[in-house]
Amino acid sequence: HMSTLSALLGLSRGSAVSVIGCGGKSSIIQLLAAQNNGGKVLVSPTTKILMPQSGNVYFGEGASAHTPQTGIQYLGTAANRGKKLAALPTAMLAAAVQKGYNFTLMEADGSRGLPCKGWLPNEPVVPAFTTHTVGVVPAYALGLVATGQNVLRLPQFLVLTGLAEGGTITATALAHMIAAPCGMFKNAVGKKALIVNQTDRPGGLQAAQKIIDTIQQRYPQHIQNYIFGSAKTNTWTQIPH
């Protein structure tokens, strides 16, 4: 029996999940939202996301007046001439979360679709009421070259990983990117899980194992829950812990 991703993450009624990192956050949120078993799900950015093409979207004051309904509700403010959905004020989002959704899914980081990133001090934006912080990284990041084509905020990434520009992104570099004190999980709240996504690509499973093994060696006890798999095929494996 294949466990659902929400079960592997240990989500339950009232969970508030902040999804951070690179390479597939939106897909992971869509999957988790779909696994609500007919419940009421709130999806909201703490940064900015592309405007949802389906589901109910409520803006600003409409979001604060909103009552939870069955299905997926997006709450936020319109930005970039309506092309993006941006964060509600934190207090407004916190109040919305209390209204009795089955769970809340927050896109709490941005990577502009790139597989690697360095973080500014105020990123990722993980609210204090988060119960689960879920980091995402694509398996294919392993072996890429450290350039602006692959990395958002390259200067921060190079400091974080110790790589030189144009160097090969190793498993050790990814371990630093994810688990170092200034890395992906630096603002994490609640239970910490890492998802290595996109293992459906050639060599993806081996890459995922190598990334996870290296984090466990370099930063033991840092992350409680490791999962690898593919949002595209919706198949997941949890590392025993």
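The values are calculated or read from the model by the stated rules, or taken from the named source; none is laboratory data. Since this is a predicted model, take the numbers as computed values, not measurements. Cβ placement follows ideal geometry from the backbone for every residue including glycine, while neighbour counts extend to all protein chains displayed. The area values use the complete protein model at the heavy-atom level, side chains included, leaving out ligands, DNA and RNA. Shrake-Rupley method; radii C 1.70, N 1.55, O 1.52, S 1.80 Å.
Scanning segment 11-18 turns up one or more residues that are modelled with pLDDT of 95 or more and under 22 Å from G113 (Cβ atoms).
Conditions tested, residue by residue: (1) more than 21 Å from G204 (Cβ to Cβ); (2) in a strand (DSSP E or B); (3) within 20 Å of the chain's Cα centre (by Cα).
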position	(1), (2), (3)
Y101	yes, no, yes
T130	yes, no, yes
V137	no, yes, yes
T147	yes, no, no
G166	yes, no, no
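Residues that are in a helix (DSSP H, G or I) and surrounded by fewer than 19 Cβ atoms within 10 Å (Cβ to Cβ) within segment 149-164 comprise P155, L158, V159, listed in sequence order. When the residues of segment 97-118 are filtered to those that are open to solvent by less than 40 Å² (accessible area, probe 1.4 Å) and among the charged types (D, E, K, R), the one that is farthest from A33 (Cα to Cα) is K117. If you go through segment 27-75 and keep only what is open to solvent by less than 30 Å² (accessible area, probe 1.4 Å) and either assigned to a strand (DSSP E or B) or of a type in the set (S, T, Y) (or both), you end up with V41, L42, V43, S44, P45, T46, I49, G71, Q73, Y74, L75. Reported count of residues in segment 219-238, each being crowded, with 16+ Cβ neighbours inside 10 Å and either part of a helix (DSSP H, G or I) or in contact (Cβ under 8 Å) with a residue 12 or more places away in the chain (or both), is 12.
When A78 is tested against (1) open to solvent by 60 Å² or more (accessible area, probe 1.4 Å); (2) at pLDDT 95 or above; (3) in contact with a strand residue (DSSP E or B) (Cβ under 7 Å, 6 or more places away or on another chain), just one condition goes unmet, and that condition is (2). The condition (being outside any loop (DSSP other than H, G, I, E, B) and touching a residue at least 60 places away in the same chain (Cβ under 8 Å)) is satisfied by just one residue among A78, A91, A16: A16.
Considering segment 119-143, the residues that are in contact with a strand residue (DSSP E or B) (Cβ under 7 Å, 6 or more places away or on another chain) and over 30 Å from A95 (Cβ atoms) include one that is most open to solvent (accessible area, probe 1.4 Å), namely G143.
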